[in-house]
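These notes concern the structure reproduced below.
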Amino acid sequence: MTVGIDLSGRVAVVTGGTRGVGAGISRALLAAGAEVVACARRPPEHPLSVPGEGHAGPRTAVFEPLDVRDPDAVAACFARVRDRHKSLDILVNNAGGAPYRLLDDSSPRQAARAIELNLTAPLTASLAARNVMARQRSGGSIIMIGSVSGTRPSPGTAAYGAAKAGLENLARTMAVEWAPHIRVNTLVLGMVHTERSHLHYGDEAGVVAVGRTVPLGRLATPDEVGGLCAFLAGDGCGYVSGASLLVHGGGERPAFLAAAGTSAGRPRKSRTDAPSCTAASASLPDQEDQHDR
């Protein structure tokens, strides 16, 4: 079980919960004790399971086939979850994504589909979840999986970035309108190392090289994202709503620093510069040098 987080007796739905980041979220919620329903268009290649406690067998997520872009299918799926499990306590709106395509090479229809999947579908799912959660004495928790693409320019995925920006704003509005019984928060993700990372970053050497551009020196893992979802859904975050938690390893080092020949924003000294550091700090290696672009 995820240390310090107990979601026993709670029912969670994870959209896109069968692979990549979604699979990590499903596993983490299972590990914290929740019953997990993983919704996606395709079933997982392998069962999403975690070991049971004591002599109990493994705990496995239930798979529900679902296209989150179909409002009627979403409503019917959530009704089945309510009828089968007697509640719906946690919704993680994880399904999303978009292919790399510059605006000049995009059609209005392609842009609309990206916005439909990454903004309209989470809205649809949240409304369906609210219909269940609002009738429960315990309310519920909704978590949006956002992206740093919604906080900065997103060349090659412009519609996706615009949708993610809208998703974060949507979550803050929901947090106000649906309080106090339903909490709504957003995880704003940077780069995550999944089984599909090679499609974006090349081979393992490429993934490592891309990781060096992050201040923490690597990409996140799906299980780390899942642990944060369990944290936000737990009682320890009972007063957290309308929040956006950055999960990007420190963000991106500004390109102008490398262009100016600096390390972490500190200008390089010329040979005539007098030392300005103390003896204690002078003995420490500059850990940022190894991560500069």
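Every number in this text was worked out from the coordinates using simple rules, so none of it is lab data. Quick caveat: nothing in here was measured; it's all calculated off a predicted structure. When we count neighbours, we look across all protein chains shown, and the Cβ atoms used for this are built from the backbone with ideal geometry, even at glycine.
Summary table
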quantity: Theoretical ellipticity at 222 nm over the chain - DSSP helices of four or more residues, -39500 (n - 2.57) apiece, nearest 500; calculated: -10000 deg cm²/dmol
quantity: For Leu246, residues with placed amide H under 5 Å, excluding near neighbours; calculated: Val188
quantity: Cut-off 14 Å between beta-carbons: net charge of the residues surrounding Arg109, Lys and Arg +1, Asp and Glu -1; calculated: +1
quantity: Alpha-carbon centroids, the range 96-135 and the range 222-260: separation in whole Å; calculated: 22 Å
quantity: Beta bridges by DSSP in the range 1-121, antiparallel share as percent, to the nearest 5; calculated: 15 percent
quantity: For peptides 250-256, 102-108, 212-218, 179-185, sequence by mean Cβ density within 10 Å, most packed first; calculated: 179-185, 212-218, 250-256, 102-108
quantity: Neighbourhood charge, 11 Å Cβ-Cβ cut-off, centred on Asp70 and excluding it, Lys, Arg +1 and Asp, Glu -1; calculated: -1
quantity: Per residue, the convex hull volume that the Cα atoms of the range 36-157 enclose (Å³); calculated: 144 Å³
quantity: Reduced Cα scattering model of the range 92-190, Debye log10 I(q)/I(0), q = 0.11, 0.24 Å⁻¹; calculated: -0.34, -1.17
quantity: The range 124-163: trypsin sites (Lys or Arg not before Pro) in DSSP loop, at most 10 other beta carbons within 10 Å; calculated: Arg137
quantity: Cα gyration tensor, the range 19-106 - rounded (a/c under 1.5), prolate or oblate; calculated: oblate
quantity: Beta bridges by DSSP in the chain, antiparallel share as percent, to the nearest 5; calculated: 10 percent
